[in-house]
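Step one of this worksheet: look at the structure below.
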Amino acid sequence: MCEKSSNQHDGRADAYTALIKRGDAVETPDGELWVVNWVDGNALALIAAYRDAKGLVHADLGEPVETSVPVEMVTKVADARQVRRR
C-alpha cells in the first residue's frame, strides 16, 4: 500500500511560488527592485524597494516611488513573507 504524502511534489507548490502577489519583491529588466502593491490582471503597481546589509528586501515607504508595469516585465525575487514594509 502506497499512501500519497503531503510532502510529495505535485507541481502546485511550484505554481504558487511562481505566482506574483501583493507584497512580493520583483526585479525589473533594468535591475531595479520593487515590492508589489497590487495586482490588476496583467499589470502590477509597484513601490520602490531596497536590500539591507543582511540581504532582506524592504519597501521604501518613507518617500515611495511608484510605477506600474506589465507582469511579463518582472522577475519574482522574494515572497511576501520575506519582504519588510515600514
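Only the coordinates and a few stated rules stand behind these numbers; no lab work does. Quick caveat: nothing in here was measured; it's all calculated off a predicted structure. Glycine gets a Cβ as well: all are built from the backbone with ideal geometry, and neighbour counts include every protein chain shown.
Couple of notes before you dig in:
- Fewest-first ranking of Arg12, Arg85, using other Cβ atoms within 10 Å as the exposure measure: Arg12, Arg85
- Each label was represented as a point 7 Å from its Cα along the Cα-to-Cβ direction; for Val69 and Ala45 these points are 1.8 nm apart.
- Sequence ranges 58-71, 23-36, 40-53, ranked by mean other-Cβ count within 10 angstrom, highest first: 23-36, 40-53, 58-71
- Simple spin-label estimate for Lys54 and Trp38 gives 3.1 nm between the two label positions (7 Å along the Cα-to-Cβ direction from each Cα).
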